[in-house]
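See below for the structure under consideration.
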Amino acid sequence: MKDSFGRAIRCLRVSVTDRCNLRCVYCMPADGVDFTPPEDLLTLEEIERVVKAAARAGVEKVRLTGGEPLMREGLSELARKIKAVSGIKILGVTTNGVLLHRCARELFDAGVDGLNISLDTLDPRRYKALTGGGDVGRVMRGLEAARALPFKSIKINCVLSPDIRESDWMGVIGLARDFPVDVKLIEFMPVKTDSRPSISAKEVLRVIESTYGGATLLSHKGGGVPPVAASDVLEGPAVYYKPGGFKGRVGIIAALSGCFCASCDRLRLSAAGGLRSCLFGREVLELRALLRNSVSDSGLDAAVAAAVRMKPKGYDAGSGPGRISGESEGLFRIGG
Ligand code: SAM
Ligand code: SF4
């Protein structure tokens with residue numbers, strides 16, 4: 001299905017819970033969070049129905065996220081059901097990795113194709129500070145467990161938040177230097193509670209290029225473009241580079257500075273059943289009431305079509321940087 005601006009909608013992000021076992025400084029407000037009461041979370045069956053409706057509208061890719069998705073009971077069962085939905089070709093999970101050492105095998109066996117593991121520093125003290133008490137050793141064990149399995153893709157997500165230091169993200173990209181894993185550096189998207197400036201995609205690329213003597217551009221719609229001047233072509237969700245001597249790739253996502261609304265193909269389903277077509281938009285289509293009032297499949301299809309139709313052309317760059325939508329104080333609420 002195409003939206004009003006001709007973009008085909010292919011991807012659905014599903015938040016399976018808004019709860020989390022970490023408190024990343026840029027994601028969860030420090031002064032406490034009102035989580036969705038359990039009875040208001042979509043059930044696994046309700047999520048499956050929405051995925052089926054999305055697949056009928058042309059969605060091929062689903063990503064399970066949160067909050068921390070590995071905290072949701074029955075996640076593997078849900079993964080198995082989603083993988084069996086006709087039309088769904090790729091299933092990914094985005095996780096903080098804290099519980100991954102226990103369930104990597106289960107997720108793989110359930111048909112999960114790829115994992116994105118969030119990791120903002122390798123330094124145990126800094127990790128503790130950035131995540132509100134997390135243990136980076138557990139994430140590293142989770143990463144090892146995942147790397148031992150033949151997932152189609154394993155990527156590390158590192159957010160360039162106002163609190164991150166150069167030594168943090170340079171340490172994380174060291175994983176791509178030493179191992180064949182991809183590290184994605186993601187520009188911070190401002191939330192209501194935090195409008196401090198943060199380092200841009202362009203600046204990090206300059207640091208990488210000067211540290212490693214250039215970085216070969218690997219993916220860009222223009223094809224193989226030369227190294228070094230690569231900083232001028234940061235566009236699209238992830239642009240991949242291979243700095244000198246690296247085994248893996250470094251992806252840079254100019255989430256804010258390089259607005260890629262023109263190629264956005266996403267819908268997002270919140271844990272409470274809110275369907276959004278734009279992270280920065282205010283429009284939310286509440287599906288939970290419909291699902292609990294015996295909506296028919298065609299009624300659900302109409303709701304998904306309505307969400308696709310309300311997808312805006314882009315966020316309003318004219319009024320300053322976009323802010324993550326609505327009532328949310330962070331991505332944990334909508335699903336990152
Ligand atoms: N708990 C899981 C995790 O951390 O991977 C999944 C949910 S989390 C909200 C998904 C992703 O959103 C993480 O990679 C996180 O770092 C990122 N994220 C959270 N807040 C963000 C922000 N304000 N700007 C950019 N990325 C953000
Ligand atoms: Fe939890 Fe992920 Fe948000 Fe960190 S980024 S607080 S791990 S939901």
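Read-outs throughout are calculated quantities, based only on the coordinates presented, and are distinct from any laboratory measurement. Bear in mind that the values here come from a model prediction, so they are computed numbers and not experimental data. All Cβ positions, glycine included, derive from the backbone under ideal geometry; neighbour counts span all protein chains shown.
Counting other beta carbons within 10 Å of each Cβ, put Ile47, Ile199, Ile9 in order, fewest first.
Lowest count first: Ile199, Ile9, Ile47.
How about region 65-129: which GluC sites (Glu not before Pro) there lie in a loop by DSSP and see at most 11 other Cβ atoms within 10 Å?
Glu73
Please state the charge dipole magnitude for the chain, taken about the Cα centre, from unit charges on C-beta atoms (+1 on K and R, -1 on D and E), reported in debye and rounded to the nearest 20.
720 debye
Among all the aspartates and glutamates, which ones have a C-alpha under 12 Å from Lys52's C-alpha, if same-chain residues fewer than 8 places away are not counted?
Candidates past the 8-residue exclusion: Glu60, Asp297, Asp301.
In units of 2.2 N^0.38 Å, what is the alpha-carbon radius of gyration of the chain?
With N residues counted in the chain, Rg over 2.2 N^0.38 Å equals 0.96.
Sort Ser257, Ser263, Ser270 so that the residue with the fewest other Cβ atoms within 10 Å of its own Cβ comes first and the one with the most comes last.
Fewest to most other Cβ atoms nearby, the residues stand as Ser263, Ser257, Ser270.
Please work out the Cα center distance from region 153-172 to region 1-63, rounded to the nearest Å.
Distance between centres, Cα-based: 24 Å.
Rounded to the nearest 500, what is the chain's calculated 222 nm mean residue ellipticity when only DSSP H runs of at least 4 contribute -39500 (n - 2.57) each, over all residues?
Computed ellipticity for the chain at 222 nm equals -8500 deg cm²/dmol.
Say we join alpha carbon atoms closer than 10 Å with springs in a Gaussian network model of the chain; which of Asp31, Asp113, Asp40 then has the biggest fluctuation?
In the Gaussian network model the winner is Asp31.
Mind sorting Met28, Met310 by how few other Cβ atoms lie within 10 Å of their own Cβ, fewest first?
Neighbour counts put them in this order, fewest first: Met310, Met28.
Do any of Lys155/Lys313; Lys89/Lys311; Lys61/Lys155 go past 26 Å between their Cα atoms, and which?
Lys155/Lys313
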